[in-house]
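*Asks:* There's a structure below that I have some questions on.
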Amino acid sequence: MIFATVGSMLPFERLIRELDNWAEKNNGVQCFAQIGNGTYQPQHMQWQRKVTSTEYRQKVSAAKLVVAHAGIGSIFSALELDKPILIVPRYSDTKEHTTDHQIHTANRWRHHPNVVVAEREDSLAEKISVALQLEAARGHFSPVAPGEFTNRLREALSR
């Protein structure tokens, strides 16, 4: 199953529309999308506006691929569970977000072995194919900050 999420704050019509188009052409692949409060309602995949945190974790756990906006919570959830993630950043110039911080987030994670980034000009279909070929890179992500970082932070705070 491909699990798509747009997060809990803003709709992401471009992502949901493109994935729904992909799902129409690949009807043998089960897709489920958490679409938020967008106006577009997918016709070729299952969807809900919101999911509980328990449902969210279950969907990520069951997914072969997570497709998401470049929200750090979505990225961390997928990587913690060793799931490949296709990140589609939102852009401020298209009014998908108020800033371009998601571009910076996507750039920070684009070299991780479980991450594929789809720029706005990229074909989502091609990026889905690439992401589905990833082998889970187990052990490449820890939800805990490295000791060196926390030690330096402790030092800075104790001054």
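*Asks:* Find the centroid of the Cα atoms in the stretch 84-128 and in the stretch 39-60, then give the distance between the two in whole Å.
*Replies:* Spelled out, the Cα-based centre of one part sits 20 Å from the other.
*Asks:* Name the residue farthest towards the positive end of the dipole of the stretch 2-158 from the options A62, Q30, P113, assuming +1 on Cβ of Lys and Arg, -1 on Cβ of Asp and Glu, about the Cα centre.
*Replies:* A62
*Asks:* Further, regarding this structure: By how many degrees, between 0 and 90 and to the nearest 10, does the Cα long axis of helix 13-25 differ from the longest principal axis of the chain?
*Replies:* Long axis of 13-25 versus the principal axis of the chain: about 50 degrees.
*Asks:* Moving on to the next point. Only helical DSSP H runs with n ≥ 4 go in: add -39500 (n - 2.57) per run for the chain, normalise by residue count and round the 222 nm mean residue ellipticity to 500 deg cm²/dmol. Mind showing how you got there, number by number?
*Replies:* Details: 6 runs with 62 residues, N = 159.
Taken over the chain, the calculation gives -11500 deg cm²/dmol.
*Asks:* Additional query: Ranked highest first by the average count of other Cβ atoms within 10 Å around their residues, in what order do 58-64, 147-153 fall? Don't jump to the answer; show the numbers that get you there.
*Replies:* Numbers: 58-64: 16.3, 147-153: 10.0.
Order by mean packing, descending: 58-64, 147-153.
*Asks:* What ³J(HN,Hα) values, in whole Hz, does the Karplus curve 6.51 cos²θ - 1.76 cosθ + 1.60 give for the stretch 58-69 when θ = phi - 60°, with x put for Gly and Pro?
*Replies:* Per residue, the Karplus-derived 3J(HN,Hα) values read 5, 5, 4, 4, 7, 6, 7, 8, 9, 10, 8, 4 Hz.
*Asks:* Then there's this: Most fluctuating residue of L79, L65, L134 in a GNM of the chain with Cα springs under 10 Å: which is it?
*Replies:* L134
*Asks:* On full extension of the chain, what length is gained from K64 through E126, given 0.36 nm per residue of separation minus the C-alpha to C-alpha distance?
*Replies:* On the way: separation 62, 0.36 × 62 = 22.32 nm, distance 1.62 nm.
Gain on stretching K64 to E126: 20.7 nm.
*Asks:* Given H placed 1.01 Å from N in the peptide plane, which residues other than close sequence neighbours of W47 have an amide H under 5 Å from its amide H?
*Replies:* Placed amide hydrogens put A33 under 5 Å from W47.
*Asks:* Per the Cauchy relation, a quarter of the hull surface: what is the mean projected area of the convex hull of the alpha carbons in the chain, in nm²? Walk me through the intermediate numbers first.
*Replies:* Numbers: hull surface 42.0 nm².
Over all viewing directions, the chain projects a mean Cα-hull area of 10.5 nm².
Rule-based calculations on the coordinates, nothing more; no lab input. Keep in mind it's a predicted model, so treat the numbers as computed, not measured. Don't worry about glycine lacking a Cβ; one is built from the backbone with ideal geometry, like all the others, and counts go over all protein chains shown.
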